[in-house]
Amino acid sequence: MKRKIMVLLMCLLAATTAMAQSEGKNEIDKVRFLSESWEDITNTDGTGLCWELFKKVYEPVDIEMTFEIVPYARSVRMVQDKLADVAVGVYKDEFDKALFSDWHYLQDIVLVVFKKDKVAEWKGEESLAGRIGWIRGYAFNEYLEKEVKFYETDDRETGLKMLELDRLDFFLDTESELRAALDAGVVDPKDLQVETLLKLNVYLAFADNERGRKLRKVFDDRMAELVKSGELKPLYEKWGLRYPF
């Protein structure tokens, strides 16, 4: 009888230990990010500020980071449909059916480009009129005070060509990407004027499910730790990007 009791106690101890270990272990071991490719931020080869930053957030808590480069609008749809964990490069509450992080990690400078003869004197948002374009899914209209008639393009090259051909009066885009496109000679910039229009914090959008809620909590908790420690500042300096905290 004593032997049976001893065996039973050992089994109970083993089961309790296993349960405690299971509870202590992170039940999510991988997080899947979707993002458009942005130079020095989300490069296709896995380098860039974001990929390094997100590894610093998740890998120390035993969650492996994976990513896929897709058009921005597709990344949003897939997260809304719960086919991926996280969409990168979104604005707070930009769309529904998703959970947004509390912490931002970048600040987007939104530029507007137009032909010099289009505006006699630039007066900010007040000067916007006519046909205004931006990349599909960016929803800049949500952050403008005035109502505008806008057209969505599949990519910035198309938008800039439409501007050159007078099919658009203004084209809006993020600073780094627009500058890169103009430097690459997508269109001749000599007759164009570029102005700053908006400054918007950039967040992550998580799938609206229990997994997404847990991954969001990890992100927000870890970002609070990393910002407080000062560990992130050299990373932004490395990639030549503005430190947003």
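The values are calculated or read from the model by the stated rules, or taken from the named source; none is laboratory data. Please read these numbers as outputs of a predicted model, since none were measured by experiment. Heads up, the Cβs are rebuilt from the backbone with ideal geometry, glycines too, and the neighbour counts pull from every protein chain shown.
Here are some notes:
- E231 satisfies every condition listed in (1) over 21 Å from E126 (Cα atoms); (2) without any contact (Cβ under 8 Å) to a residue 40 or more places away in the chain except (2).
- Pairs where the first residue, in the range 141-170, is closer than 14 Å to V187 by Cβ and the second is part of a helix (DSSP H, G or I), C-beta under 6 Å, 6+ apart: T153/G159; R156/A181; L168/M162
- Condition met for A129 (touching a residue at least 12 places away in the same chain (Cβ under 8 Å) and in the same structural domain as D93 (by TED's automatic domain parsing)): no
Yes/no per residue for (1) over 21 Å from L232 (Cα atoms); (2) at pLDDT 95 or above; (3) assigned by TED's automatic domain parsing to the domain that holds K233; (4) assigned to a loop (DSSP other than H, G, I, E, B):
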{"residue": "R3", "(1), (2), (3), (4)": "yes, no, no, no"}
{"residue": "M6", "(1), (2), (3), (4)": "yes, no, no, no"}
{"residue": "A20", "(1), (2), (3), (4)": "yes, no, no, no"}
{"residue": "W38", "(1), (2), (3), (4)": "no, no, yes, yes"}
{"residue": "G46", "(1), (2), (3), (4)": "no, yes, yes, yes"}
{"residue": "L53", "(1), (2), (3), (4)": "no, yes, yes, no"}
{"residue": "Y58", "(1), (2), (3), (4)": "no, yes, yes, no"}
{"residue": "F67", "(1), (2), (3), (4)": "no, yes, yes, no"}
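- Residue within the range 100-122 that is assigned to a loop (DSSP other than H, G, I, E, B), among the polar types (S, T, N, Q) and either surrounded by 16 or more Cβ atoms within 10 Å (Cβ to Cβ) or assigned by TED's automatic domain parsing to the domain that holds L168 (or both) present: yes
- Count of the range 139-150 residues, restricted to those that are surrounded by 13 or more Cβ atoms within 10 Å (Cβ to Cβ) and either more than 19 Å from A129 (Cβ to Cβ) or out of contact with any helix residue (DSSP H, G or I) (no Cβ under 8 Å at 6 or more places or on another chain) (or both), is 4.
- Criterion (of a type in the set (A, V, I, L, M, F, W, C), assigned by TED's automatic domain parsing to the domain that holds W51, touching a residue at least 12 places away in the same chain (Cβ under 8 Å) and crowded, with 16+ Cβ neighbours inside 10 Å) met by exactly one of A207, A224, A181: A207
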